[in-house]
Structures are given as C-alpha cells and as structure tokens.
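Reading through the structure tokens given below for one structure.
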2 protein chains.
Amino acid sequence: MTAQGLDEVFGALADPTRRAILARLASGDANVGELTAPFRMSQPAISRHLKVLERAGLISRRRRATARLSHLEAEPLREAAAWLVGYREYWEESYERLDALLSTLDRREASASTSRSRPGTSAKPKRKGVPDGQDQSHR
Amino acid sequence: MTAQGLDEVFGALADPTRRAILARLASGDANVGELTAPFRMSQPAISRHLKVLERAGLISRRRRATARLSHLEAEPLREAAAWLVGYREYWEESYERLDALLSTLDRREASASTSRSRPGTSAKPKRKGVPDGQDQSHR
DNA sequence: GTCATCTATAACCTTTCTGTTATGTACTGG
DNA sequence: CCAGTACATAACAGAAAGGTTATAGATGAC
C-alpha cells in the first residue's frame, strides 16, 4: 500500500461520522438518504463524507434507479490492519489479547461445530523489521 | 476505546511524517534532534508532530539531561487494530492473506526453533456484529 | 550563577476540512 | 415529455492543520 493510500485510509477513519457510515454499511448497502437520516447533518455533508470514503477505496457505489447505493469495500481496512501488523512485536502481551479477541470471534462463529484452537500464537516475538515509513511526502 | 481516542489515533496515523517518526522509534527511543534530522522540516514542526503523537498516546516522553526522549507506545496501535478486527468478517479471503502474513512473521521469528503451525485460521467467517460507531460527535 | 544545549511556545501564514444553503443534474414513472 | 425524486455541485464561512521564523524555557556543565 502506498503512503498516500495510508494517508487517505487513516484520514477517512479519523472521522466519527465516516466510521459510523462504515458501520451502517456493514449491515448492508444503503443510499444517501438512508445514510443521512441518522445524523443531524445536511445531505450534502454526507455526500462529501461519502466522497472521502470513496477516494480512500473504502466504499464503492452503483446506481439503482435514481438512487446511488454505497457498498462497503473492506480491502483498505485489511491493508491498514496489515500496516499495523508491522508493529505487532511492540504489542507484546497486548498482541495476545488481540489474538484472544480473534479466537473469541472464531469460537462464536464456529458455534457448536468443530472447535478450533489457535495454538502457538502466544509466543513473544523479538525485535524485527518495521515498515520504515520514510515516505517524506509533503503537502 | 473511545470514539475520540480513535479520532486521535487514526488522525495521527494519517500523516506520513508521523508514521515515519513511529517507524524510527520502533528501532529505539530518540530525542527531538534525532527525529528532526531525517526530514526537511524545522524542529518546531517535529515538536508539534510529537505532541500529536503524544496526545494520541502513541508515544511517551521522558527527560535525559537537556534532551527529551520519545518512546513508542504501541498500545493505541493495538486498539486501532482491534477496531479494524470488527470488520474482519468483510475481509473474507483477504483475512486469510493477513493471517498468512501473521504466520509468515511467526515462522520467521521462530527461526530454527520449534516450528509452530496456526491451524484452523482459514475458515471463512459469516456475518456478525460490527462496532456501531454511532458516536455522533460534532466539531 | 552563567553559559551552552536542547526543546517548547508564540505569532503568523496558507491550505485543507467540514459544515451550511442554494441550485444544478440524472434518472424514472406515468 | 415532463414532473418528481434523489443526489451532486457551487459558493461561502469558520475552524483546524501544518508549516515557517523568532524567542522563551529547562537542564547540565563548569
């Protein structure tokens, strides 16, 4: 992922309204009106938030009649997560808590089916490389 | 993690200079002068970036003689990652790639010692809950 | 105490962000 | 085709971000 891509994704995620929009889209595609309703904010304001999210690649859009449906595109979230993973070694025991969280989710969705353990994930890593982040871009 | 906390963490990560500073700190604590050197930017500018990182909890600082050392505090990164995990279900096969990445790191750091496998992590999750993000804060 | 060093703050400027209201545009249904 | 619905864009305003230079403050050495 490019430095600018990270700028846009993290920048998009830095706003609570936009995170709420993503959360709403997680439960299904929605048009602008539906996305505007929960907020005390004008429709144009939401349209611009949507544009920010679209530029970051976090949503895609298509027409349906006169409406435009927004669709969650989580790939950039994955890339952001992958970037964070570069610092996983510094989470140390914190990482284990995250891993425990993952396991919890796993178990919950595995329901009564085969239980799946995640062994070997509790070892403490030593210092390794981290993305150098020497992008040096300027405004 | 609070909504404002996420605002600050993601906001801090949205700047390439700040990400580069974090990357530098991953290789050890550093004073302001050392952090300024790699950039074509004044020392006060870096001091302000450091303040943003500090407010987000991403660094802590202590004095050593006349210098002030910055220290990476990765806990907020972990929390940001945990937030992203709320969308893991949408990564689907993408998630498996992230998991593969984790496995790769595991293996690399495990070196010639005991090889550790991560079974059961390739199952595709179904829809679940996602942080609702209805924070509704305003500026 | 005084000097030297390292960092923070003040004051300022420009650009970007985020919201507003008003208006334009695109698509559909009858 | 024309009226209505749904959304986008324009124009504007205020606040925040991010940089600069100049200067103040804190700390250790002597």
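Shown in residue order for segment A:30-40 are the 3J(HN,Hα) couplings computed by the Karplus curve 6.51 cos²θ - 1.76 cosθ + 1.60 at θ = phi - 60°: 8, 8, 4, x, 5, 6, 6, 2, x, 10, 8 Hz (x for Gly and Pro).
At an R0 of 22 angstrom, the distance between the Cβ atoms of A:Ala3 and B:Glu54 translates into a FRET efficiency of 0.50. Between B:Thr66 and B:Ser42, the FRET efficiency estimated from the beta carbon spacing at R0 = 22 angstrom works out to 0.70. Take segment A:1-42 with all the other protein chains still there, run a 1.4 Å probe, and you get 37 Å² of accessible area per residue. Taking every protein chain into account, the 1.4 Å probe leaves A:His49 with about 30 Å² of accessible area, to the nearest ten. Amide H contacts under 5 Å for A:Ile59: A:Glu54, A:Glu73, restricted to partners 5 or more places along the chain or on a different chain, H placed in the peptide plane at 1.01 Å from N.
Accessible area buried by the pairing of B and A, both sides summed with a 1.4 Å probe, works out to roughly 5400 Å². In terms of accessible area, using a 1.4 Å probe and ignoring ligands and nucleic acids, A:Met1, A:Met41 rank largest first as A:Met1, A:Met41. Sequence-distant contacts, meaning Cα pairs under 8 Å at least 6 residues apart, place the relative contact order of segment B:3-75 at 35 percent.
The values are calculated or read from the model by the stated rules, or taken from the named source; none is laboratory data. Please read all numbers here as calculations on a predicted model, not as lab measurements. Neighbour counts are summed over all protein chains in view; Cβ atoms, including those assigned to glycine, are modelled from backbone coordinates with ideal geometry. Accessible surface areas use protein heavy atoms only, side chains included; no ligands, DNA or RNA. Shrake-Rupley method; radii C 1.70, N 1.55, O 1.52, S 1.80 Å.
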